[in-house]
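The block underneath contains the structure these notes are about, expressed in structure tokens.
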Amino acid sequence: MDRVSITPAASEIVRQLKETHGALMFHMSGGCCDGSAPMCFAEGEFMLGSCDVQMGEIDDCPFYIAADTFTYYKNSRIVIDVTQGRGASFSLEIPLGVRFLMRSELFET
């Protein structure tokens, strides 16, 4: 079962970012400053903490999440999407005038 997936619109932004920045990685902290916005970085440009876990991959990019946030979403699939507007983060898509966002869907039992 895939714990994280990506919409076609978000996948197109990832494709554009890969052309410019090469290999990418995603991180979602769930912290106060970044909220639950997924952030995209050039691979290796974000220092992972000892409490970060890899939840899966989207478009061949590792997707990490803070362990305490993972416990909240452990019975859900996270869907990464994109919307118009500037986010307040250092994520690579911001200069394109878009920002990544997440939705969650409970796994069916």
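Read the figures in this text as sums done on the coordinates, not as results from a lab. The structure presented is a predicted model; accordingly, all values stated were derived computationally and were not measured. Neighbour counts are summed over all protein chains in view; Cβ atoms, including those assigned to glycine, are modelled from backbone coordinates with ideal geometry.
Details
- Between the listed residues F41, G56, P95, the Cα displaced farthest toward the positive end of the dipole of the chain, a dipole computed from Cβ unit charges relative to the Cα centre, is found at P95.
- Dimensions in Å of region 4-102 - Rg and Dmax from alpha carbons: 12.3, 35
- Amide H contacts of A37: G30, each under 5 Å away and 5 or more positions distant or on a separate chain (H built 1.01 Å from N in the peptide plane; Pro and chain starts excluded).
- Rounded to whole Hz, the Karplus (6.51, -1.76, 1.60) HN-Hα couplings of region 69-76, x for glycine and proline: 6, 4, 4, 6, 9, 4, 9, 10
- Of the trypsin sites (Lys or Arg not before Pro) found in region 54-97, those that fall in a DSSP loop while having at most 16 other beta-carbon atoms within 10 Å are K74, R86.
- Each Lys and Arg adds +1 at its Cβ and each Asp and Glu adds -1 at its Cβ; summed about the Cα centre, region 1-86 shows a dipole of about 220 debye.
- Residues whose placed amide H lies under 5 Å from that of L101, excluding near-sequence neighbours: D81, V82, T83
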